[in-house]
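Here's the structure we're looking at; comments come further down.
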Amino acid sequence: MIKSIKGGKAWPHQNFIFDQPIEALTAPKSLAITLWHGGRAIVAKGDQLKANAQVGFDNTGLPVFTGLAGRVTGVADFPDLVARPRNFDFPRTTVFIETEPEQPAREPVFEPCPRFWKLSKTELADRVFKAGVADLRNDELEKLLIFDGLDLEPPLSTNVRLLKERPEQLIEGMRIVMQIHGSTRARLVLSSRMKALNADLKSLLASAVNISIEKVEPKYPQQNGKLIRQTVYGSQSAAIYGMEALLNVRQAVVLGQPLATKFCTLCDDTKGQKRLAEVYIGASAAETLNLRPQDYSSLKLISGGLLSGTCHYSIQLPVDRKTAGLMFYRNQAPRENHPCINCGQCLSICPAGLAPARIFPLVRDGQNQELARQKPENCLECGLCTFICPSGLLLSHQIKVGKMILEGKL
């Protein structure tokens, strides 16, 4: 049975980049590896680093590595962070590295363990942590697992592409994660539209114990954690892993490689280019997209997808472990804001069942008591209401503001 969600939207195949192979980009001239608030560097200016050297810890305590050899030119706050609340600031610790022109091969940091099934749960979890992938050193991990093979927000396309290019490696990653969780059941969630991919993976999974395929209607934002859990397991709790996370787990255990690269969807509207690439963490958007200083009144840089992504105002924005996409677009003419015409489109498309057109004036007029009754905290921040609104109202943004008001942040 093909499952679906209330509301949402399905985009045509051509809005994605499923048919292009993932490229390996050349090494950038410099890296800015972010540790941010609560992170800690273990290197200093002038240090010479080998590829795969550890440079510090992030704000959760995970080790952080550089994928390229080079010299540390500084450990300081990142200078180009612009979107932060008024009268509030925090350390933005960043390790700046000038990379070497000739890069050696990335040697394993840990002993490769191709026979991973011989390792204990504790040994596997410890390896995944030390490689900077995730902290799974917990005796109470979820027993039900969801492997997210969906790409539903245009133009993000790496989950599907990794499934096409590296299915055997991903299945190894699934088996390792199941061993760590002590999992009894796992579901690989795929779009019902990907019929050939479904057939190929069904054949490969025939010998995999307790991993089955769950087909869903490809409606954004089905990948949201709350929605995908409800779709697959109903009210039961489950852990979710994307394809890249599975590959990172597999590389840490089987190959002994730490996390140092990120799979990204790259778009440059000014050149008409769309591609998928494996990018070194710390590489700037400028080098990754080959950008030059531009007039930012007519151009914008987006990190993430087109609906849920964040606009940035510096092409020096570095790629980090959460960067799903980098997109450089021409600013369209501003949408004219007209009064709400009560068409109901935002209500019908909202997967959370909210009434965005009702919330909009409540936030604007400061009617906080009625606003609380509308439960804006349930918003998934998918952006569909803004996308669909014929009056050009920034509904999604207004709901975010409403949430912040009720939380006492504004």
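The values are calculated or read from the model by the stated rules, or taken from the named source; none is laboratory data. Just so we're clear, the structure is a prediction, and the values are computed from it rather than from any experiment. Every residue, glycine as well, gets a Cβ built from its backbone with ideal geometry; the counts of neighbours run over all protein chains shown.
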Where residues in segment 168-191 are farther than 20 Å from Val133 by Cβ and at pLDDT 95 or above, which of them is farthest from the chain's Cα centre (by Cα)?
Arg187
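Rundown of residues vs (1) of a type in the set (Phe, Trp, Tyr); (2) part of a helix (DSSP H, G or I); (3) at pLDDT 95 or above; (4) in contact with a Gly (Cβ under 7 Å, 6 or more places away or on another chain), yes/no style:
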| site | (1), (2), (3), (4) |
| --- | --- |
| Phe328 | yes, no, no, no |
| Ala352 | no, no, no, no |
| Thr386 | no, yes, no, no |
| Gly392 | no, no, no, no |
| Ser396 | no, yes, no, yes |
| Val401 | no, yes, no, no |
| Ile405 | no, yes, no, no |
| Gly408 | no, no, no, no |
Candidates Ser157, Ser120 - the one that is under 21 Å from Ile17 (Cα atoms), modelled with pLDDT of 95 or more and not aliphatic (A, V, I, L, M):
Ser157
Quick one: what pairs do we get from segment 210-229, first residue at positive phi, second assigned to a strand (DSSP E or B) and surrounded by fewer than 21 Cβ atoms within 10 Å (Cβ to Cβ), C-beta under 7 Å, 6+ apart or different chains?
Asn210/Arg185
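Matching residues to (1) modelled with pLDDT of 95 or more; (2) touching a strand residue (DSSP E or B) at 6+ places or on another chain (Cβ under 7 Å); (3) surrounded by fewer than 12 Cβ atoms within 10 Å (Cβ to Cβ); (4) hydroxyl-bearing (Ser, Thr, Tyr):
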site: Met1; (1), (2), (3), (4): no, no, yes, no
site: Pro28; (1), (2), (3), (4): yes, yes, no, no
site: Ala32; (1), (2), (3), (4): yes, yes, no, no
site: Ala44; (1), (2), (3), (4): yes, yes, yes, no
site: Val55; (1), (2), (3), (4): yes, yes, no, no
site: Pro85; (1), (2), (3), (4): no, no, yes, no
Those residues of segment 206-224 that are in contact with a strand residue (DSSP E or B) (Cβ under 6 Å, 6 or more places away or on another chain), surrounded by fewer than 17 Cβ atoms within 10 Å (Cβ to Cβ) and not in a strand (DSSP E or B) come to a total of 1
For the condition without any contact (Cβ under 8 Å) to a residue 24 or more places away in the chain and not aromatic (Phe, Trp, Tyr), what is the one hit in Asp151, Asp135, Asp139?
Asp139
Options Asn138, Asn159; residue that is among the polar types (S, T, N, Q) and within 20 Å of Thr231 (Cα to Cα)
Asn159
May I ask you to list pairs of residues, at least six apart or on different chains, whose Cβ atoms are under 8 Å apart, with the first in segment 311-329 being within 23 Å of Gly132 (Cα to Cα) and among the hydroxyl-bearing types (Ser, Thr, Tyr) and the second being at pLDDT 95 or above and buried (at least 21 other Cβ atoms within 10 Å of the Cβ)?
Thr323/Lys262; Thr323/Cys264; Thr323/Val279
Scan segment 370-384 residue by residue and report those that are in contact (Cβ under 8 Å) with a residue 40 or more places away in the chain and assigned to a helix (DSSP H, G or I).
Leu384
Among the residues of segment 156-182, what is the count of those that are assigned to a loop (DSSP other than H, G, I, E, B) and buried (at least 21 other Cβ atoms within 10 Å of the Cβ)?
2
Going through segment 135-155 in order, the residues found to be not hydrophobic (A, V, I, L, M, F, W, C) and not in a loop (DSSP other than H, G, I, E, B) are Asp148
Could we say that Gly325 is within 24 Å of the chain's Cα centre (by Cα), buried (at least 21 other Cβ atoms within 10 Å of the Cβ) and closer than 21 Å to Gln222 by Cβ here?
yes
Would you confirm, using the coordinates I've provided, whether Glu111 is among the charged types (D, E, K, R), closer than 27 Å to Lys3 by Cα and modelled with pLDDT of 95 or more?
no
Inside segment 177-227, can you point out the residues that are of a type in the set (A, V, I, L, M, F, W, C) and in contact with an Asp or Glu (Cβ under 6 Å, 6 or more places away or on another chain)?
Val189
